[in-house]
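What follows is a single structure, written as structure tokens, with notes after it.
The values are calculated or read from the model by the stated rules, or taken from the named source; none is laboratory data. What you see is a predicted model, and the numbers here were worked out from it, not measured in a lab. Every residue, glycine among them, receives a Cβ derived from its backbone with ideal geometry; neighbour counts consider all protein chains shown.
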Amino acid sequence: MPSVSTNVFVSRPAAEVFDFLADARNLALWSSGVASVEATFVTPGPHAVYHYRFPGRRRPHVLVCADFEPCRRIAFRGERMWSPFGTQVPLYAFDLLPHADGTLVRLSVTSSLSAALVLMAPLVAMAWRRDLPADGRKFCDVLGGVLTPAAPLHGPLAAPPAAAAQGAAGEAAGAPGGPAVPAGTAMRTSAAPHGFDYAH
């Protein structure tokens, strides 16, 4: 079961970032694992169901919200996809850590494989290690943010190192030595989405 993750820092409140991620239609704007999502609006929440196309597949598949913790975590699990070598179930997960001036987001992809595809797990992981950083850059382009060093998938979501964050903030401002990303603050929750709809 290969798992790959990368971190990005976005200069937006966690509530805004969560609302953007909670609308699965927005995945098609930046994720290489989602070719398109049906345009029909679906109310975000636990077990919300979307119809999407996985790259290279002709027919649409089901994408289900498998985890929904406002301003903390959201995950989408794809439908089991069959091939002559076995099956694959993708899980796209996003963990959020708010800061005073933005949000650190860990983008993760886990592929559950069966049959002969299990033997191809290193290749699947290699492909995601290649594609996920590019996805992170697209995510930053859409929301405005910077890449940070990757963290272990199952480890704690740590704040970006001060030096790296300072350099990234300086680059964003057009001058070196910008302010460092502040230490993490207590996570806050949101009872309802705030209406961000970038794709539609």
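A few comments on the model shown:
- Flag for Arg77 being assigned to a strand (DSSP E or B) and modelled with pLDDT of 85 or more: yes
- Output for segment 23-46, where each listed residue is crowded, with 18+ Cβ neighbours inside 10 Å, more than 20 Å from Leu132 (Cβ to Cβ) and not charged (D, E, K, R): Pro44
- Selected residue (criterion: surrounded by the most Cβ atoms within 10 Å (Cβ to Cβ)) from residues of segment 140-149 that are in a helix (DSSP H, G or I) and touching a strand residue (DSSP E or B) at 6+ places or on another chain (Cβ under 6 Å): Leu143
- Hits in segment 39-54 (condition: closer than 10 Å to Asp23 by Cα and part of a loop (DSSP other than H, G, I, E, B)): Phe41, Val42, Thr43, Pro44, Gly45, Ala48
- Of the criteria (1) closer than 23 Å to Leu143 by Cα; (2) without any contact (Cβ under 8 Å) to a residue 60 or more places away in the chain; (3) among the charged types (D, E, K, R), which one Glu79 fails: (1)
- Each residue in segment 112-136 was checked for being at pLDDT below 85 and not in a helix (DSSP H, G or I), and 1 pass.
- Restricting attention to segment 89-110 and to residues that are within 22 Å of Tyr52 (Cα to Cα) and touching a Gly at 6+ places or on another chain (Cβ under 9 Å), the residue that is surrounded by the most Cβ atoms within 10 Å (Cβ to Cβ) turns out to be Val109.
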